[in-house]
Every structure is written in C-alpha cells, then in structure tokens.
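The values are calculated or read from the model by the stated rules, or taken from the named source; none is laboratory data. Note that the structure is a prediction, hence the values are computed from the model and not measured. We place every Cβ from the backbone using ideal geometry, glycine too, and count neighbours over all the protein chains shown.
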Amino acid sequence: MSEDLMPAVLVSDGAQRGEWNEVGIRMVPKPSLSEGEVLVRVEACSVNRADLLQRRGLYPPPRGASDVMGLDFAGVIVEIAPGVTGWNEGDRVFGLVAGGGYGRYVSAPAENIVPIPANLTFVDAAAVAEVFFTAYYNVFMLAGAKNGEKLILHGAGSGVGTAAVQLAACFGVATIVTAGRDENLSRARELGATHGINYKKEDFASRAMEITGGNGVDVVLDWIGASYLARHLTILKTKGRLVLIGLMGGSTGEIDLAPVVSKRLRIIGSVLRSQSRQEKAAITSAFKKDVLPLLADGRVRPVIDRIFPIIQVEEAHGYLRQGEHFGKVVLTWESFQAE
C-alpha cells in the first residue's frame, strides 16, 4: 500500500438520490494538512443516522468536506501541521468532522479535537463523540436547560438519548423519555431518566402532562419533526424551548401559532455538521470544560450496543436500520488488513 493512500469507506460511484446505494472500502489519497491541523490515525468511529442519509444522497457533505463517510473518529495523532500548540504525536484524541471519519486517517483542526480520558478505549471514545456533543450542545448550550427544569426526548435507546439522559441527570434536569419497547425505558431509567413513556401504548403528550402535573416541560429535544410538532408545542410550558435536530417524522406541517406567542416559546433549528470551524471550536471548548471531566471520572459513560470491524460496514448500517439497538454502533479498524 502506498504511503500516500489509505483505505476509506465511500458511497459507490453513480449513487442515486433516495436509493440505498452501496458502500465499500476503497483506496483514496491520505488527507493533507493545512496550517493548524493534525492528522489522526483512526482506530474507531461510530455509525450515525446521518450516515444512512448520506449513502442515500439525502445528506451530502458540506462544500469542501471529505467525500469519505463518517462524522466522528477516535485515534492517535501521527502528524502535526505548523501553527498547532498543545498537542503531540502519539496523543489519543477524538472529535467530530464534517466528513472523513470512516477513513484510516482523518485531518482535523487542532482546536476541534478532545483528549481521550485514560479510562476510555478508542471504541469508547468513538461512541462518545457525535452523541455526547449533540446532546450537550443542543440541550445545554442552545436550549439552556438548567437545574430543576424538565426535558422530554424521544428514542430512549438512541445514542443521543443515552447521552442526553446521563448529562441531564448530572446537571439536575429531570428527563422524560419515550420508546416503543418497555425494555429500553427500563434501561434509560437505569441511566438516570426520571420517567418513561411507551408511545405504542399511550399518547406521549397526554402522559407527559400527567407526569408534570399539568405544567408541561421546559425543553423538548426533537428529531421527529412535523408529525410531533403540534403536541410538542402543547406540552411546553411558558418560555419553553424546542430544539429541532431531525425530521424523521416529516418536514412539512401546519401548526397553531397561538401557543408560540402566548407562551413565548422558542423553536430552535440545529445542525452541527455544517457549522464553521470557529463555531465548532467554541462548542469543543465548552465540551472540554463541562463534559470531559464527567467522562474522565465515570459519572457519564458511552453506551455501546455492538462493535463491527470496518470491513463489515454494510452489516453495521443494516443493523442500525433495524432500530433494535440500545446505544451506539461502532466500527473499528482493529485487525484490518489492506490488500
């Protein structure tokens, strides 16, 4: 294998929008570094719902980002560009990227990476990156959830769900979670969720109002979108905040704006991938201050459902599509042998 090439996972050439296009490992040029960047040899990365959208042509990389799949990584710094301070070759790090996480090597701005605590493996760190950043940024930085408030989120078994529940418990925020399986609700409560609602057995909005004594919740973390929007506005209390991070339930709908005005609600749209380098640096700095210590002392932890070797990326995507996981699905480069 040429030193200038690396194995990486890409969507097949000629991919069709909306189709489940093939993904596979190909040899591609190793990333080159710009000033202020580091090159990381990736040991593990995680599978995210956004990856499934990208392979269908529904979530392309932002302009200038790598065509290699993957939004997060964990590995070892192997090269440092001019302008980088505070990092050394051999440091174990993890972080987010707009593309490239499924490559054997990835380049990243030095200010956007995080040291891996000694108690975490590369697989652990890969399971942290996307979901803990997402949960922390949206619930606490954007929505400003604080001690004594109440949060509702859907998908108790999702990676973001397992991360948000733990962070909320640490910061004194009561969490109501929903899921279609009682087992997932029980496991979420073990992580710190205050209440669980099986949405297949009861209306989550009515039950949430019962749980809160008719007062409603302060924050909704919403990746469902249109099909839940009206009910979310109903259960938000005065000055409540809804952070929209996904559209699994549709992007178009009609709502009554009266509650938005009368209760002075805020509806906040959010995406991490396309934010600027400077914006991501600010998020990373806050993450290091508020979340990294919790990871280092074990007060929060990554929840890993299954680990796949990188050559089984197709199987890993298929497993995530089934929706039976609890926590993260991780890909590892361990034991990979290039042809």
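Could you identify the single residue in 310, 304 that is at negative phi, crowded, with 18+ Cβ neighbours inside 10 Å and in contact with a Ser or Thr (Cβ under 8 Å, 6 or more places away or on another chain)?
Unique residue meeting the criteria: 310.
In this structure, does residue 297 turn out to be in contact with a Gly (Cβ under 6 Å, 6 or more places away or on another chain), surrounded by fewer than 20 Cβ atoms within 10 Å (Cβ to Cβ) and at pLDDT 95 or above?
Against the criterion (in contact with a Gly (Cβ under 6 Å, 6 or more places away or on another chain), surrounded by fewer than 20 Cβ atoms within 10 Å (Cβ to Cβ) and at pLDDT 95 or above), residue 297 does not qualify.
Being in a helix (DSSP H, G or I) and touching a Phe, Trp or Tyr at 6+ places or on another chain (Cβ under 8 Å) is the filter here; which residues of the stretch 229-264 pass it?
231
For the stretch 1-14, which residues satisfy the criterion of being within 25 Å of the chain's Cα centre (by Cα) and assigned to a loop (DSSP other than H, G, I, E, B)?
Within the stretch 1-14, just 12 meets the criteria.
Enumerate the pairs (first residue in the stretch 155-177 and on the phi > 0 side of the Ramachandran plot; second residue anywhere and surrounded by 24 or more Cβ atoms within 10 Å (Cβ to Cβ) and outside any helix (DSSP H, G or I)) with beta-carbon separation below 9 Å, excluding pairs fewer than 6 apart on the same chain, so at least 6 apart or on different chains.
Hits for this filter: 155/177; 155/178; 155/179.
Hey, could you check the stretch 102-152 for residues that are of a type in the set (Gly, Ala, Ser) and surrounded by fewer than 24 Cβ atoms within 10 Å (Cβ to Cβ) and say which is farthest from residue 49 (Cα to Cα)?
Out of the qualifying residues, it is 148.
Only residues in the stretch 288-300 that are more than 20 Å from residue 112 (Cβ to Cβ) count as the first member; pair them with residues that are part of a helix (DSSP H, G or I), Cβ under 7 angstrom, at least 6 apart or cross-chain, and list the lot.
Close Cβ pairs satisfying both conditions: 299/170; 300/166; 300/167; 300/170; 300/294.
Please count how many residues of the stretch 121-153 are more than 10 Å from the chain's Cα centre (by Cα) and either within 26 Å of residue 334 (Cβ to Cβ) or of a type outside the set (Phe, Trp, Tyr) (or both).
21
Looking at the stretch 239-255 only, could you name the residues that are more than 24 Å from the chain's Cα centre (by Cα) and either surrounded by 12 or more Cβ atoms within 10 Å (Cβ to Cβ) or within 30 Å of residue 53 (Cα to Cα) (or both)?
Listed by number, the residues that qualify are 253, 254, 255.
Return the pairs, sorted by first residue and then second, in which the second residue is modelled with pLDDT of 95 or more, the first residue lies in the stretch 118-130 and is outside any helix (DSSP H, G or I), the beta carbons are less than 6 Å apart, and the residues are 6+ apart or on different chains.
Matching pairs, first to second residue: none at all.
For every residue, the table says whether it meets (1) closer than 18 Å to residue 316 by Cα; (2) at pLDDT below 95; (3) outside the structural domain of residue 245 (by TED's automatic domain parsing); (4) not hydroxyl-bearing (Ser, Thr, Tyr).
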| residue | (1), (2), (3), (4) |
| --- | --- |
| 13 | no, yes, yes, yes |
| 19 | yes, yes, yes, yes |
| 39 | no, no, yes, yes |
| 58 | no, yes, yes, yes |
| 61 | no, yes, yes, yes |
| 68 | yes, no, yes, yes |
| 77 | no, no, yes, yes |
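Taking the stretch 154-179 only, how many residues are farther than 16 Å from residue 124 by Cα and assigned to a helix (DSSP H, G or I)?
7
Starting from residues that are charged (D, E, K, R) and outside any loop (DSSP other than H, G, I, E, B), keep the ones in the stretch 184-204 and report whichever is surrounded by the most Cβ atoms within 10 Å (Cβ to Cβ).
Applying the filter and picking the extreme gives 187.
Using the structure shown, decide if residue 207 is part of a helix (DSSP H, G or I), among the charged types (D, E, K, R) and either more than 24 Å from residue 255 (Cα to Cα) or modelled with pLDDT under 95 (or both).
No.
Could you check, for the stretch 47-54, whether at least one of its residues is closer than 20 Å to residue 24 by Cβ, surrounded by fewer than 19 Cβ atoms within 10 Å (Cβ to Cβ) and free of Cβ contacts under 8 Å to residues at least 40 places away in the same chain?
Yes, the stretch 47-54 contains at least one residue that is closer than 20 Å to residue 24 by Cβ, surrounded by fewer than 19 Cβ atoms within 10 Å (Cβ to Cβ) and free of Cβ contacts under 8 Å to residues at least 40 places away in the same chain.
Out of the stretch 256-276, which residues are at pLDDT below 95, surrounded by fewer than 16 Cβ atoms within 10 Å (Cβ to Cβ) and over 14 Å from residue 138 (Cβ atoms)?
Answer for the stretch 256-276, where residues must be at pLDDT below 95, surrounded by fewer than 16 Cβ atoms within 10 Å (Cβ to Cβ) and over 14 Å from residue 138 (Cβ atoms): 256, 257, 258, 274, 276.
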